[in-house]
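Before any comments, here is the structure.
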Ligand code: NDP
Ligand code: GDR
């Protein structure tokens, strides 16, 4: 069998790290792209890294950027991947309102740059392409649950940029016969989720409040509802999408939805705290029933100019065509995240390290 060679953009992110680990376990040679940064940014994949000086190693990282075509073309020419997973993106919805142009450049035109690199190098028949599309495409609720045929109505510069990424992937599949597929993934989380996404922000704060490093968790909209799964299950789905008989677009989701408020309650329950809600609107607080202290407060700076109120996905197509379904429950996810953040918080408390 010919060697399977994967290229992962965004390998330093949550999904990139889990996907690299998974593909290595399947025997792939995995190449990742990382951005140049003034400080180390490979913490999530350091455990996979081996010194290339010792000989043939299966995991290699290259400098690259989704905004630089020359660099992407050269890397593709060198690596000649059999599978590309395009996970790199400015992936924070709130940040996309602050940096809309950069978000469009990386998340929309970046996809085009990769697809064009495949064409320019004549790799249409040898390379399969996965695009990290998102439930944010659905935005303003048109249908519940959301599936592949649900109309899109994005609600942020991020969602709009990803809409371009989705359609340019479909277009290159149809125009040039490429094996190019979209995974329309609903929110997926883990202990290595970025600290500013709401689930991780909550579990990290719960842990730090528990060990006495912090007093208060500041949040925005508590009523938003999301379909939260475990990232490890979703990266397996990405791989399955590229092993299908033909290229296509698939929703990956759990089919369950919960509000940010429920997530807060469940995370605090992991450390034996019950939250009672008092007040209204921006004055609402979440009070720890045992200590009587307000541990959750609203900070309006976290409200978004346009919000996505409700996401819940129907992954029947992925189940039927690919045999994919999530293995881990939401309760298991929250338990794992709180346990991991508690271990970190205890370590930080031992070192006397407080929030900045
Ligand atoms: P992360 O934010 O954890 O990771 C994003 C990755 O992209 C990081 O490696 C980041 O590098 C890299 N990156 C950002 N900008 C550039 C750039 N200009 N050039 C090269 N690399 C860049 O995201 P996730 O792992 O959670 O998500 C992976 C992908 O899936 C993203 O495209 C996201 O939009 C999409 N998605 C995520 C979902 C989720 O719930 N997690 C759901 C649906 C879609 P650095 O480490 O240097 O910041
Ligand atoms: P989302 O994830 O926007 O769904 O995008 P995020 O965790 O940022 O927000 C989820 C919901 O929580 C509300 N919220 C807050 N969010 C953050 N980040 N911080 C807060 O303090 C806070 N308070 C309330 C938000 O308003 C929102 O409704 C994620 C990203 O991974 C995208 O890249 C991906 O495409 C989608 O999931 C699917």
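Number of residues in the range 11-22 that are touching a residue at least 40 places away in the same chain (Cβ under 8 Å) and crowded, with 23+ Cβ neighbours inside 10 Å: the value is 8.
Based on this model, can you work out whether residue 24 counts as more than 15 Å from ligand 1 (Cβ to nearest atom) and either closer than 14 Å to residue 61 by Cβ or outside the structural domain of residue 117 (by TED's automatic domain parsing) (or both)?
On the way: more than 15 Å from ligand 1 (Cβ to nearest atom): yes; either closer than 14 Å to residue 61 by Cβ or outside the structural domain of residue 117 (by TED's automatic domain parsing) (or both): yes.
In short, yes.
When the range 195-254 is filtered for residues that are assigned to a strand (DSSP E or B), more than 14 Å from ligand 1 (Cβ to nearest atom) and under 18 Å from the mean Cα position of the chain (by Cα), only 225 remains.
To keep it simple, each residue is scored yes or no on (1) in contact with a helix residue (DSSP H, G or I) (Cβ under 6 Å, 6 or more places away or on another chain); (2) closer than 30 Å to residue 319 by Cα; (3) in contact (Cβ under 8 Å) with a residue 24 or more places away in the chain.
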| residue | (1), (2), (3) |
| --- | --- |
| 226 | no, yes, yes |
| 233 | no, yes, yes |
| 240 | yes, yes, yes |
| 254 | no, yes, yes |
| 262 | no, yes, no |
| 274 | no, no, no |
| 278 | no, no, no |
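Restricting attention to the range 168-187, the residues being closer than 23 Å to residue 325 by Cβ and either near ligand 2 (Cβ under 8 Å from one of its atoms) or part of a loop (DSSP other than H, G, I, E, B) (or both) number 3. When the range 146-167 is filtered for residues that are surrounded by fewer than 19 Cβ atoms within 10 Å (Cβ to Cβ) and assigned to a loop (DSSP other than H, G, I, E, B), the ones remaining, listed by number, are 147, 148, 149, 151, 153.
Screening the candidates 311, 322 for the property of being in contact with a strand residue (DSSP E or B) (Cβ under 8 Å, 6 or more places away or on another chain) and under 18 Å from residue 262 (Cα atoms) yields one hit, 311. Taking helices (runs of 4 or more DSSP H) as the structural unit, those lying wholly within the range 55-139 and holding at least 3 residues that are over 18 Å from the mean Cα position of the chain (by Cα) and surrounded by 22 or more Cβ atoms within 10 Å (Cβ to Cβ) correspond to 110-120.
The values are calculated or read from the model by the stated rules, or taken from the named source; none is laboratory data. The shown structure was predicted, so the numbers you read here are calculated from the model rather than taken from an experiment. Ideal geometry is used to build each Cβ from the backbone, glycine not excepted, and the neighbour counts take in all protein chains shown.
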